[in-house]
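Encoded as structure tokens, the structure appears first; notes follow it.
The values are calculated or read from the model by the stated rules, or taken from the named source; none is laboratory data. Nothing here was measured: the structure is a model prediction, and the numbers come from that model. All Cβ positions, even for glycine, are placed from backbone atoms using ideal geometry, and neighbour counts span all protein chains on display.
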Amino acid sequence: MLGYGGLLYLRLFMSKVKLIFGTCNAVPSGEIDLQSESAYQTALKPFITTIYNHPEILATLYYTGPLLEWLEKKHPEFHTVLGELISRKNVEILGGGYWEPMLPLIPTPDKVGQIEAMTTYLRKKFGKRSRGGWIPGQIWEMHLASSLHTSGMDYVFLSERIFPKVPRFRPDAPVIAENQGKTILVFPIMDSLTDQFLQVPPDYILDRLKKLKTGKDREVVVTLILDGLALGTNDLHTICYEEKWLERFFDAVARARDWLECVHPGRYLRNTVLPREKIYIPAPTYDVLMHWLRGSQTKQNSSSSTGISNSLSNGAAGKSSQDITKASYREFLAKYRESGLLYAKMMYVNVLSNQLKGDKYRKKNAKEELWRGQEHHAYWHGPNGGICNSRLRHSTYSTLIEAEKATRERGIFKAALTSVDFDMDGNKEYLYSGLIFNAYIHPVGGVLFELDYLSVSRNYLATFSKYPENYHLQETVELGYDSYSRHAFLDHILDPEEKLTDFEQGSYRKFDKLPSKRYRTLELERDPPRVSLACSATLNRKEEVLDIYKTFSFRRSSLVVDYTFSNLSQEKLTFLWGSETNLALTENEEMRSVFLNVADLLPAGEVQERGTDKEVNSWTVLDRERGVVMDFQLSETAGLWRALVFVDYHADGELHRKYQSNFFMPYWLIDLKPKATKCLSITMKIGRHKSR
């Protein structure tokens, strides 16, 4: 039992408003070399300096594992200061997934492994074991309670906007989350107040806090966690640090010590034993994320956001969308097919890594690369562009390919062709896993949807399509959108009387929609590896039937696509046949080149990336950045249409138009008499450029 002194202390403790204040700090690892130095100078360094100069302020801070690694390497003085603040108990540092995964989307062993990796790093570097965790993207599902508990976490933080509208929920009191008998404490982040930071005088924030009522058996615990990097961007840096808004806020907190107390969440838990409400928190349904998925939001200028809240939109999330839709946030895996395929790749590599037996070093290496590839930024649209941002997309694919390579035992692994439901759509896809490259075939469209050149860990089909977004300007809308994903060897039946430019604008209507048709499998041979597919098409909505047979044959460093066309009608068929391939090369246009009808890649044979040519026998693509060359040989002379694919997307409050891929489509004019057949083939070779 508590003595009189203990009861008095408890009453005094409870009579004050408790404030948990801190920041979360994350840079996508795919852009860490581009963004981190600027973030350090404008945000990380000035914040930690301000905290250092205000020892009366207790801060709760979160940094991602890759960012901590970068700081340790580039600015070891930051680690020194942070370590000192932790030692003198001014800072409590948070754990969580080391590579900032979207926790509900990864397998439970990976959740636990990622959290343990972060815990181990913090303990080794700062001598403290983190007991609290950060939830990346604020994406929550109830099963996380048991996984986090198992990982040694006592508490986490979630935006108040996530919580259900029930009478017993208060945004100024922690609650209990439970799953399978395991519990964890959740501190609601009062985003309705953090949204006001830097927009109002510091005393206004203090007035809001003072109005919160404490009383007998009623504690008030306010959690304010800000986006630390956003505090250093553009005009916010001027307000926060040059005009000393943050310093004035800290001074105001210090003056309010008679009714306000800064606390660390860990120490707070150790000092209080009070009953908590147990609330079953639903999966998040932020309106911005939902509108990104549904496209129902009116155009918004996300740059109007303060950018310092920790909601999914970096401050522009607004109210919960429970009144708007019951949709799951996971719908982004369906809206953006590229997101679904990236997620499928991650899950596939997870299976491969789990199958490793005996070689602990190889399994550890594979798991660490897999965990790197689970970083959430590239899997959805997100405020930084996410899946639309080619650097993030390729960085994530690269780590997943590295993880896959780590599962292969050198000298033992052999090339193989397998059938597996890769994208979890209920049907099997065909995966060629080779020594030089991987090539994955999907029956829908009969397309090649992944092409991994292993020596540089690059998926040259990690493209992105043009999707309609609610924030697009009219000029973007007029450019048209894609009705299918931009893969390789996409089949098109074209009307010879139409213009190819109409096809590019999305207004070409007189062709059979083969990219959305499911091809039937005729044959799957494993030695030599080969897949044969077929489908039937009608021309110009008539009863003119064309049978299409398509075979993918794989060699060590090449693949061959053979086409056979059969006219099953009683009349001659005349049409243009096109085979579309989109290659995701480097964004740097000076580092990519296209050559026509040449054996040697000499400057004289280089052509523009846009254009239409006749009498083409071959084209060659050179990725100078990685020293990779891809050569396409045609069995018959064809026309070749070349173009570039750009996508407009929002990132960091601005609209960007960024390169996504190079478009190539050889096309042939085909005349087929009744019952006649016609054969064509395309051979693709991939390898290193000789100059490398």
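For the range 145-161, the tally of residues that are within 12 Å of T183 (Cβ to Cβ) and within 22 Å of the chain's Cα centre (by Cα) stands at 0.
Cβ-Cβ contacts under 6 Å between residues 6 or more apart (or on different chains), taken from a first residue in the range 513-526 that is under 11 Å from H442 (Cα atoms) to a second residue that is β-branched (V, I, T), are listed as R518/V444. Of the residues making up the range 202-214, those that are in a loop (DSSP other than H, G, I, E, B) and loosely packed, with under 14 Cβ neighbours inside 10 Å number 2. Collect the residues in the range 17-43 that are touching a helix residue (DSSP H, G or I) at 6+ places or on another chain (Cβ under 9 Å), polar (S, T, N, Q) and in a helix (DSSP H, G or I), keeping them in residue-number order. Those that are touching a helix residue (DSSP H, G or I) at 6+ places or on another chain (Cβ under 9 Å), polar (S, T, N, Q) and in a helix (DSSP H, G or I): S29, S36, S38, Q41, T42.
In the set L640, L622, L669, which member is surrounded by fewer than 19 Cβ atoms within 10 Å (Cβ to Cβ), part of a strand (DSSP E or B) and not polar (S, T, N, Q)?
L669
Would you confirm whether or not the range 245-268 contains a residue that is in a loop (DSSP other than H, G, I, E, B), at pLDDT 55 or above, surrounded by fewer than 15 Cβ atoms within 10 Å (Cβ to Cβ) and basic (K, R)? Looking for residues that are in a loop (DSSP other than H, G, I, E, B), at pLDDT 55 or above, surrounded by fewer than 15 Cβ atoms within 10 Å (Cβ to Cβ) and basic (K, R), one finds at least one in the range 245-268, hence yes.
For (1) part of a helix (DSSP H, G or I); (2) at pLDDT below 95; (3) out of contact with any Phe, Trp or Tyr (no Cβ under 8 Å at 6 or more places or on another chain); (4) surrounded by 19 or more Cβ atoms within 10 Å (Cβ to Cβ), each residue gets a yes or a no:
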residue	(1), (2), (3), (4)
L85	yes, no, no, yes
W99	no, no, no, yes
I115	yes, no, no, yes
T119	yes, no, yes, yes
G133	no, no, no, yes
M142	no, yes, no, no
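Pairs meeting the criteria (first residue in the range 82-109 and under 15 Å from Y121 (Cβ atoms), second residue assigned to a loop (DSSP other than H, G, I, E, B) and of a type in the set (A, V, I, L, M, F, W, C), beta carbons under 6 Å, at least 6 apart or on different chains) are E100/A26. From the list V616, V629, which one is more than 16 Å from M665 (Cβ to Cβ), buried (at least 16 other Cβ atoms within 10 Å of the Cβ) and at pLDDT 95 or above? Every option except V629 fails the conditions. Looking across the range 616-634, the residues that are over 17 Å from A488 (Cβ atoms) and in contact (Cβ under 8 Å) with a residue 24 or more places away in the chain come down to V616, L622, R624, E625, R626, G627.
Scanning the range 87-105 turns up at least one residue that is closer than 30 Å to D258 by Cβ and among the basic types (K, R).
Conditions tested, residue by residue: (1) farther than 18 Å from A117 by Cβ; (2) out of contact with any Cys (no Cβ under 8 Å at 6 or more places or on another chain); (3) of a type in the set (D, E, K, R); (4) surrounded by 23 or more Cβ atoms within 10 Å (Cβ to Cβ).
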| residue | (1), (2), (3), (4) |
| --- | --- |
| F21 | yes, no, no, no |
| K45 | yes, yes, yes, no |
| L67 | no, yes, no, yes |
| E77 | yes, yes, yes, no |
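In the set K360, K414, K364, K345, only one residue is free of Cβ contacts under 8 Å to residues at least 24 places away in the same chain and under 18 Å from I106 (Cβ atoms); that residue is K364. From the list V607, V594, the lone residue that is surrounded by fewer than 19 Cβ atoms within 10 Å (Cβ to Cβ), β-branched (V, I, T) and under 27 Å from E450 (Cα atoms) is V607.
For the range 174-193, the condition of being surrounded by 19 or more Cβ atoms within 10 Å (Cβ to Cβ) and part of a loop (DSSP other than H, G, I, E, B) holds for at least one residue.
In the range 575-602, which residue that is aliphatic (A, V, I, L, M) and touching a residue at least 24 places away in the same chain (Cβ under 8 Å) is farthest from E31 (Cα to Cα)? Result: L576. Scanning the range 363-385 for residues that are in contact with a Lys or Arg (Cβ under 9 Å, 6 or more places away or on another chain) and under 10 Å from T407 (Cα atoms) returns K363, A366.
Return a yes/no flag: does the range 234-249 have any residue that is within 39 Å of the chain's Cα centre (by Cα) and among the basic types (K, R). Yes, there is a match, as at least one residue in the range 234-249 is within 39 Å of the chain's Cα centre (by Cα) and among the basic types (K, R).
Output yes when any residue across the range 643-650 is in contact with a Pro (Cβ under 8 Å, 6 or more places away or on another chain) and either in a loop (DSSP other than H, G, I, E, B) or modelled with pLDDT under 95 (or both), and no when none is. Within the range 643-650, one or more residues are in contact with a Pro (Cβ under 8 Å, 6 or more places away or on another chain) and either in a loop (DSSP other than H, G, I, E, B) or modelled with pLDDT under 95 (or both).
At least 2 residues being at pLDDT 95 or above and not assigned by TED's automatic domain parsing to the domain that holds A676 is the threshold, and among the strands (runs of 3 or more DSSP E) wholly inside the range 537-598 not one reaches it.
Scanning the range 387-415 for residues that are of a type in the set (G, A, S) and under 24 Å from G113 (Cβ atoms) yields S395, S398, A403, A406. For the range 570-585, the set of residues classified as surrounded by 17 or more Cβ atoms within 10 Å (Cβ to Cβ) and more than 16 Å from F664 (Cβ to Cβ) consists of L573, F575, listed by residue number.
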